[in-house]
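Input: a single structure, listed below in structure tokens.
The values are calculated or read from the model by the stated rules, or taken from the named source; none is laboratory data. Note that the structure is a prediction, hence the values are computed from the model and not measured. No Cβ is skipped: glycine too gets one built from the backbone with ideal geometry, and neighbour counts run over all protein chains shown. These area figures cover heavy atoms from the full protein model, side chains too; ligands, DNA and RNA do not enter into them. Shrake-Rupley method; radii C 1.70, N 1.55, O 1.52, S 1.80 Å.
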Amino acid sequence: MRKAKPKKRVVLPDPKFNDQKVSKFVNHLMYDGKKNTSYEIFYAALDIVGGKMKSEEKSPLEVWKQALDNITPQVEVKSRRIGGATFQVPTEIRPDRKESVSMKNMIAFARKRGGKSMADKLASEIMDAFNNQGGAYKRKEDMHRMAEANRAFAHFRF
């Protein structure tokens, strides 16, 4: 785009916790514009987390936020073509993209899980991420490992 950057849309906070992060997560979770269904799935997942993690002194929302922080990648690799060769160049991720990537990873790995309802799958993915394990956490570790392996090409940064 040659003209001005498009304005960022303001995401309204969710009705239960009054939190914008929750709304963004629910928007990623949503299929076919069914936001109420997404909210029901998310709140049910938090209820399950609260039931299973009574020993934690944190609320289910704090557990979810900690889980998101645990699976948030700091660096990623981008392909850059230089002189006929394609290099994987490690770059830092913008803060808004970090949040988005971590949410998408959590949802994607929750959907892949074997399980009963989506709420159950999401709850177990949240608990795994909170405990630094599970698919989304492994994905973050892989991204960091790939960036570390290609650190020699960091001088090709954009």
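How would you order 94-103, 11-20 from highest to lowest mean count of nearby Cβ atoms within 10 Å? If you can, show how the numbers build up before the last one.
Details: 94-103: 15.6, 11-20: 13.1.
Top of the packing list down: 94-103, 11-20.
So what J values fall out for the stretch 117-125 if you push phi through Karplus, 6.51 cos²θ - 1.76 cosθ + 1.60 with θ = phi - 60°, rounded to Hz, Gly and Pro as x?
Values, residue by residue: 8, 5, 4, 5, 5, 5, 4, 5, 5 Hz.
How about the stretch 1-90: which GluC sites (Glu not before Pro) there are in a DSSP loop, with at most 14 other Cβ atoms within 10 Å of their Cβ? All intermediate terms of the calculation are to be shown ahead of the outcome.
On the way: sites: 40, 56, 57, 62, 76; in loops: 56, 57.
Sparse-neighbourhood loop GluC sites (Glu not before Pro): 57.
In whole Hz, what ³J(HN,Hα) sequence does the stretch 46-62 give by Karplus (6.51, -1.76, 1.60; θ = phi - 60°), x for Gly and Pro?
5, 4, 4, 4, x, x, 7, 10, 5, 5, 6, 7, 8, 6, x, 5, 5
For the stretch 1-72 and the stretch 82-158, what is the separation of their Cα centres, given in Å?
Going from one Cα centre to the other spans 18 Å.
Karplus couplings for the stretch 6-16 from phi (6.51 cos²θ - 1.76 cosθ + 1.60, θ = phi - 60°), rounded to Hz, Gly and Pro as x?
In residue order, the calculated couplings are x, 6, 6, 6, 8, 8, 6, x, 6, x, 7 Hz.
If contacts are Cα pairs under 8 angstrom and at least 6 residues apart, what is the relative contact order of the chain in percent? Spell out each step's value before the answer.
On the way: 186 pairs, mean separation 39.1, N = 158.
Relative contact order comes out at 25 percent.
Would you list which lysines come within 22 Å of residue 98, measuring only between C-alpha atoms, while excluding same-chain residues fewer than 8 positions from it?
Leaving aside lysines fewer than 8 places away in the same chain, those within reach of residue 98 are 5, 7, 8, 21, 24, 65, 78, 112, 138, 140.
Order these peptides, 43-50, 150-157, by their mean beta-carbon neighbour count within 10 angstrom, highest first. Don't skip to the end; give the middle numbers.
Values: 43-50: 19.1, 150-157: 12.4.
Descending packing order for the listed peptides: 43-50, 150-157.
Could you tell me the ratio Rg/Rh of the chain? Both radii from Cα atoms, Rh via Kirkwood. Show your work: numbers first, answer last.
Values: Rg = 17.8 Å, Rh = 17.2 Å.
Checking Rg against Rh, the ratio lands at 1.04.
Before I look further, what does the stretch 20-156 give for accessible area per residue, probe 1.4 Å, in whole square angstrom? Display every interim value, and only then the final one.
Numbers: 7450 Å² over 137 residues.
Value returned for the stretch 20-156: 54 Å² of accessible area per residue.
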